[in-house]
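Inspection log for the structure reproduced underneath, given as structure tokens.
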Amino acid sequence: MNLESILLQGVSKQRPLVIAGPCSAETEEQTVRTAKELANSGIKIYRAGIWKPRTKPGGFEGIGETGLPWLQTVKKETGMYIATEVATQNHVNEAIKYDIDILWIGARTSANPFAVQEIADTLKINGFDGVVMVKNPVNPDLELWIGAIERIYNAGIRKIAAIHRGFSSYEKKLYRNIPQWHIPIELKRRIPNLPLIGDPSHIGGKRELVSPLSQQAMDLNYNGLIIESHCNPDSAWSDKEQQITPEVLSYILKTLVIRDTEHTTKNLTELRCQIDEIDNELLTILAKRMQISKEIGQYKKEHNMPVLQTVRYDEILEKTISHAKQLGMETNFMKTVLEAIHEESIRQQIEILNNG
Ligand code: PEP
Ligand code: MN
């Protein structure tokens, strides 16, 4: 099977196209052993980071060029295709020298047009004929992601895929990187033939999220998955919380439900994602409104004003209900919503008056 048909698998029915391997190549033993275990369970494309972009200095920044011959050994001994991350001209030149088949541009790099252009120019000079995968930039900017893809395309590369690895945020709760599924969905709508690969490892940041996030990517009709897998995850030198053994990976892949009746499922899942996003926005806006209302409460307290000012409330009610009508919403529904919001604002202002 050649590279082209492997990637084309991505745009045909055969899903998912799986790319697996450790976050980083650490030692020759770990690199080759992990690869062999993955190859034995049928994985055809091996990933391993050689140069690692780390948030802070002092962590493991990748084994560097020393690891490239290990990847060649993997290729020779398992027949797998090899993928690694490149961020500079030197990385590209070195990776090509060692016959790396697939290069990916990491999330921090695809946020930087200068760096992407340098990579694109170097690929062009070398006449690179392999695959380039472009991860979404760390910030949720679809145009920047598309721009990075265009730079690679303009360098003559035709085997391109996009990787969705989620987006950075200050809050780190459930996810390491918030998925914001509507962004890759919109990318797929804008460039329908571009294979889309989900990266549940970097979205979730935790082993237990790899399976549900992979399933969600499949339900959204993604073409493939890139999953971090290490022969001994607990002792990994980077991203150990999210790496899984080849055995666990194999189990997860077997349990994935790949729906054939994608059309209805896909549409429904897409719509549900949009609803989730909108609910999030609604919550943020409501929280902002409550915050402002508290500030008003503080002002009223300082100026010895009563909390309830019926004229103002009637004004809001009338204006909003008439606006809502124009947007096709029922008066009664709008009244209920507004009353609930108003009641909570009053409750909070009274609290401020009494304690604040
Ligand atoms: C990686 O794939 O190991 C990696 C560093 O990913 P990202 O660029 O998505 O953080
Ligand atoms: Mn990683």
**Item:** Qualifying positions in the range 112-146 - assigned to a loop (DSSP other than H, G, I, E, B) and within 13 Å of ligand 1 (Cβ to nearest atom)
**Value:** Asn112, Asn136, Pro137, Val138, Asn139
**Item:** Search result, residues across the range 211-254 that are in a helix (DSSP H, G or I), among the acidic types (Asp, Glu) and within 15 Å of ligand 1 (Cβ to nearest atom)
**Value:** Glu241
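Mind telling me which of the residues Asn232, Asn221, Asn154, Asn193 ends up being open to solvent by 10 Å² or more (accessible area, probe 1.4 Å), within 16 Å of ligand 2 (Cβ to nearest atom) and more than 14 Å from the chain's Cα centre (by Cα)?
On the way: Asn221 fails: within 16 Å of ligand 2 (Cβ to nearest atom); Asn154 fails: within 16 Å of ligand 2 (Cβ to nearest atom); Asn193 fails: within 16 Å of ligand 2 (Cβ to nearest atom).
After applying the criteria, what remains is Asn232.
State yes or no: is Lys172 within 16 Å of ligand 2 (Cβ to nearest atom), over 16 Å from Lys135 (Cβ atoms), open to solvent by 50 Å² or more (accessible area, probe 1.4 Å) and touching a Gly at 6+ places or on another chain (Cβ under 9 Å)? Quick ask: steps written out before the conclusion?
Numbers: within 16 Å of ligand 2 (Cβ to nearest atom): yes; over 16 Å from Lys135 (Cβ atoms): yes; open to solvent by 50 Å² or more (accessible area, probe 1.4 Å): yes; touching a Gly at 6+ places or on another chain (Cβ under 9 Å): yes.
Answer is yes for this residue.
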**Fill in**
Cβ pairs under 6 Å, 6+ apart or interchain, first in the range 191-209 and closer than 12 Å to Asp239 by Cβ, second open to solvent by 20 Å² or more (accessible area, probe 1.4 Å) and not aromatic (Phe, Trp, Tyr), ordered by first then second residue, are Gly205/Arg176; Lys206/Glu241
**Request:** For the range 185-210, enumerate the residues that are more than 13 Å from ligand 1 (Cβ to nearest atom) and not hydrophobic (A, V, I, L, M, F, W, C).
**Result:** Glu186, Lys188, Arg189, Arg190, Pro192, Asn193, Pro195, Lys206, Arg207, Glu208
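Only one residue in Thr320, Thr336 is part of a helix (DSSP H, G or I), assigned by TED's automatic domain parsing to the domain that holds Ile292 and touching a Leu at 6+ places or on another chain (Cβ under 9 Å). Which one? Walk me through how you get there before you give the answer.
Details: Thr336 fails: touching a Leu at 6+ places or on another chain (Cβ under 9 Å).
That would be Thr320, the only listed residue that is part of a helix (DSSP H, G or I), assigned by TED's automatic domain parsing to the domain that holds Ile292 and touching a Leu at 6+ places or on another chain (Cβ under 9 Å).
Determine whether the range 176-186 contains at least one residue that is away from ligand 2 (no atom under 16 Å from the Cβ), assigned to a loop (DSSP other than H, G, I, E, B) and surrounded by fewer than 20 Cβ atoms within 10 Å (Cβ to Cβ).
The first filter runs over the range 176-186 and keeps only residues away from ligand 2 (no atom under 16 Å from the Cβ), leaving 178-186.
Those left that are additionally assigned to a loop (DSSP other than H, G, I, E, B): 179-181.
From what is left, the residues that are surrounded by fewer than 20 Cβ atoms within 10 Å (Cβ to Cβ) are none.
No, the conditions are met nowhere in the range 176-186.
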**Asked** Out of the residues in the range 46-66 that are closer than 17 Å to Gln243 by Cβ and more than 11 Å from ligand 1 (Cβ to nearest atom), which is surrounded by the fewest Cβ atoms within 10 Å (Cβ to Cβ)?
**Response** Gly59
**Cβ pairs under 9 Å, 6+ apart, first in the range 121-139 and hydroxyl-bearing (Ser, Thr, Tyr), second part of a loop (DSSP other than H, G, I, E, B)** = Thr122/Val86; Thr122/Thr88; Thr122/Phe128; Thr122/Ala155
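Being surrounded by 13 or more Cβ atoms within 10 Å (Cβ to Cβ), touching a residue at least 24 places away in the same chain (Cβ under 8 Å), farther than 23 Å from Leu103 by Cα and assigned by TED's automatic domain parsing to the domain that holds Asn139 narrows it down to one of Gln215, Gln243, so name that one. Can you show your working first?
Details: Gln243 fails: farther than 23 Å from Leu103 by Cα.
Within the list Gln215, Gln243, the selection yields Gln215.
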**Prompt:** Do you know which residues across the range 83-111 are within 12 Å of ligand 1 (Cβ to nearest atom), touching a helix residue (DSSP H, G or I) at 6+ places or on another chain (Cβ under 9 Å) and not in a strand (DSSP E or B)?
**Reply:** Val86, Ala87, Ala107, Arg108, Thr109, Ser110, Ala111
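Are any residues in the range 147-163 outside any strand (DSSP E or B) and in contact with a strand residue (DSSP E or B) (Cβ under 7 Å, 6 or more places away or on another chain), and if so, which ones? Explain how you work it out, then say what you get.
First, the residues of the range 147-163 that are outside any strand (DSSP E or B): 147-159.
Within the range 147-163, Ala148, Ile149, Ile152, Tyr153, Ile157, Lys159 qualify.
Quick check, is Arg33 more than 15 Å from ligand 1 (Cβ to nearest atom), at pLDDT 95 or above and surrounded by 14 or more Cβ atoms within 10 Å (Cβ to Cβ)?
Numbers: more than 15 Å from ligand 1 (Cβ to nearest atom): yes; at pLDDT 95 or above: yes; surrounded by 14 or more Cβ atoms within 10 Å (Cβ to Cβ): yes.
Answer is yes for this residue.
Among the residues in the range 99-108, are any without any contact (Cβ under 8 Å) to a residue 12 or more places away in the chain and either touching a Leu at 6+ places or on another chain (Cβ under 7 Å) or of a type in the set (Phe, Trp, Tyr) (or both)?
Pass one, the range 99-108, residues without any contact (Cβ under 8 Å) to a residue 12 or more places away in the chain: none.
No - not one qualifying residue is present in the range 99-108.
The values are calculated or read from the model by the stated rules, or taken from the named source; none is laboratory data. None of these values were measured; they are calculated from a predicted model. For neighbour counting, all protein chains shown are included, and Cβ atoms are generated from backbone atoms with ideal geometry for every residue, glycine included. Protein only, heavy atoms only, side chains kept; ligands, DNA and RNA dropped before computing areas. Shrake-Rupley method; radii C 1.70, N 1.55, O 1.52, S 1.80 Å.
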